[in-house]
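Presented below is the structure to which this report refers.
The values are calculated or read from the model by the stated rules, or taken from the named source; none is laboratory data. Predicted model only: the values in this text are computed from it and were never measured. Every residue, glycine among them, receives a Cβ derived from its backbone with ideal geometry; neighbour counts consider all protein chains shown.
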Amino acid sequence: MMQPHAGRWLWWQLHTFTEKIDQSPEQRKAWLANWFATVKKLLGCDSCYKKLERFCNLWEPPLNGDLHAWGMCLHDYVNHELGRGLAYPELTLAPLKERGIVH
């Protein structure tokens, strides 16, 4: 199980990176691959990681689009899976439902 401080650190990393708008698609792809590898290592739960893979299969990270909105939706998806409330339902619920990620 991931320690809370590790989770907060990973979310901080993701949200800080996704707020930047000057990365190339190649930079985004490489950074995200590294971030997901770190998540998998720190998560220590194959079943939980498969949920993240499912999210990415239903909604690939936009390498040329709004990566910040995607990151917020990923975060709220994880909140949903953990039984927590969505942090930004006014921004995330509709796109998550539209892609069939949450019902």
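Give the residues of the range 35-54 that are under 19 Å from TRP12 (Cα atoms) and either of a type in the set (Phe, Trp, Tyr) or in contact with a Lys or Arg (Cβ under 9 Å, 6 or more places away or on another chain) (or both), sorted by residue number. Passing the criteria: TRP35, PHE36, TYR49, LEU52. Annotation: HIS80 fulfils all but one of (1) surrounded by 14 or more Cβ atoms within 10 Å (Cβ to Cβ); (2) assigned to a loop (DSSP other than H, G, I, E, B); the unmet one is (2).
Yes/no per residue for (1) closer than 13 Å to TRP70 by Cβ; (2) under 13 Å from the mean Cα position of the chain (by Cα):
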{"position": "ARG8", "(1), (2)": "no, yes"}
{"position": "LEU14", "(1), (2)": "yes, yes"}
{"position": "PHE17", "(1), (2)": "yes, yes"}
{"position": "GLN27", "(1), (2)": "no, no"}
{"position": "ALA30", "(1), (2)": "no, no"}
{"position": "THR38", "(1), (2)": "no, yes"}
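Set side by side, the residues LEU96, LEU91 differ, and just one is at pLDDT 95 or above and either touching a strand residue (DSSP E or B) at 6+ places or on another chain (Cβ under 9 Å) or more than 22 Å from MET2 (Cβ to Cβ) (or both), which is LEU91. Can you find, within the range 50-77, the residue that is surrounded by the fewest Cβ atoms within 10 Å (Cβ to Cβ) among those that are among the acidic types (Asp, Glu) and within 18 Å of GLU19 (Cβ to Cβ)? The residue in question is ASP66.
For the range 23-49, what are the residues that are exposed (fewer than 15 other Cβ atoms within 10 Å of the Cβ) and under 24 Å from LYS97 (Cβ atoms)? Scanning the range 23-49 gives a single hit, SER47.
From the list LEU32, LEU93, LEU63, LEU42, the lone residue that is of a type in the set (A, V, I, L, M) and not in a helix (DSSP H, G or I) is LEU63.
Of all residues in the range 6-22 being β-branched (Val, Ile, Thr) and either part of a loop (DSSP other than H, G, I, E, B) or surrounded by 14 or more Cβ atoms within 10 Å (Cβ to Cβ) (or both), which is modelled with the highest pLDDT? Explain how you work it out, then say what you get.
Looking only at the range 6-22, we keep the residues that are β-branched (Val, Ile, Thr), and these are 16, 18, 21.
Imposing the further condition that a residue be either part of a loop (DSSP other than H, G, I, E, B) or surrounded by 14 or more Cβ atoms within 10 Å (Cβ to Cβ) (or both) reduces the set to 18, 21.
Working: THR18: 94, ILE21: 85.
Within the range 6-22, the match that is modelled with the highest pLDDT is THR18.
All of (1) touching a residue at least 40 places away in the same chain (Cβ under 8 Å); (2) among the small types (Gly, Ala, Ser); (3) outside any loop (DSSP other than H, G, I, E, B) hold for GLY100 with one exception: (3).
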